[in-house]
1. Can you tell me how segment 300-339 classifies by the Cα gyration tensor, rounded, prolate or oblate, using a/c under 1.5 as the rounded cut?
2. Over the Cα atoms of segment 207-335, what Rg and Dmax result, in angstrom?
3. Simple spin-label model, 7 Å along Cα-to-Cβ: GLN288 to SER271 in nm?
4. Can you put LEU235, LEU161 in order of Cβ neighbours within 10 angstrom, beginning with the fewest?
5. Sum up the charges of everything whose Cβ sits under 11 Å from the Cβ of PHE74, counting Lys and Arg as +1 and Asp and Glu as -1, but leave PHE74 out.
6. Rounded, prolate or oblate: which one fits segment 1-93, using the alpha carbon gyration tensor with axes a ≥ b ≥ c (rounded when a/c is under 1.5, else prolate when a/b beats b/c, else oblate)?
7. Give me the one-decimal nm value for the distance between modelled label points at THR306 and ASN174, 7 Å along each residue's Cα-to-Cβ direction.
8. What does the extension gain come out to for THR135 and SER324, with contour length at 0.36 nm per residue minus their alpha carbon separation?
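Computed from the coordinates by the stated procedures, all read-outs in this text should not be read as laboratory data. Source: prediction; values computed, not measured. Cβ coordinates were reconstructed from backbone atoms using ideal geometry, including for glycine residues, and neighbour counts include every protein chain displayed.
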Amino acid sequence: MDTDDRTLVERCRGGDVAAFEPLVEKYRQRVWRLAYNVLRDHEEAWDVAQEAFIRAWQALPNFRGQSAFYTWLFRIVMNVAADRARQRAARGRAFGTERVPEEEWERVIADEGVTPDERAARVEERERITKALATLSADHRTIIMLSDLEGLSYREIAEVLGIPMGTVMSRLHNARKRLRDVLGPLVLLLVALLALATPGGALAQPTVRFGARVLLASDAPPPAGTPSEPMDERLEKFLPKLRQLFRYSDYTSLERFRRVEVTVGTTQKWSMPGDRQLELTPERVSEQTVTMKLRLMRGSVAELSTDLRVKHGSPAVIGGPKYSNGVLIIIVWANPEPR
């Protein structure tokens, strides 16, 4: 097992919750790609990824390190995704129709410095690869993903899927032969373009702009010497809603975190009053809404951990822990389509 993974796993097994976060960050995209390969649905793949990480955390006491952490994790992902696929098929049969997968394959990634003709040729190549992959069975497509995109060995694929190594070799041979029959010489570009054809790959991740304000809510002005930020017009207009939500009479702006632009899956960290750290991670974008993970850390302890759904033009408001003579309030604004 990778030395860093082994260290983090041992810390997790010892009860260190914070040690699990680097493992999630390291394997988040790979887990999502595996789930998407099975389900062909962007949102469901994220749900499966989250459930798989939860199951992995719960099962860590039983993980003995006899295989690599990621192969153990990938097997959990495949099991969760298979369960979700069976549930979806059952729902489809119950309502007399199978669910139509989300169509994400027509996404075009703009390549800087590429002529329109070259870009059109690349798009055509991606479409051919996408259609070729669609001709494979789920088993064969999974083998291709694990081998040619994730780089797993025969033995690791066998561990992930719970099948004999000979079956892995046979399926991979048949899958590659079918792709060669469909793609011809273009099969040589498969590995390079597969990530681009798969939504959620690094180049396909959308960019999100967001910022935050931290207020002190109390029933009296803060103690003298408390650092503060001036209230701007936008925040002044928002105060009546805060008073209605929290029932405090006095609100002082302590911190203003100006907006940053990051790709989905990237964590932004800011220092907070009271030796705390605010962590915001945009996880996905749907229309005008950004789903984000918020954590408020004090040392290695998560004082607050929650999921946010922030709609453009409508900030999310979270009541935090006690501070000074009141409580902290965090306001998050987000724009899923920064210009």
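1. It is prolate, given that a/c is not under 1.5 and a/b is the larger ratio.
2. Rg, Dmax (Cα atoms, Å): 14.3, 45.
3. Taking the two extended label points, one gets 3.7 nm.
4. With the sparsest Cβ surroundings first, the list reads LEU235, LEU161.
5. 0
6. Values: a/c = 2.36, a/b = 2.16, b/c = 1.09.
Prolate, since a/c reaches 1.5 and a/b exceeds b/c.
7. For THR306 paired with ASN174, the spin-label model returns 5.1 nm.
8. So the extension gain works out to 61.8 nm.
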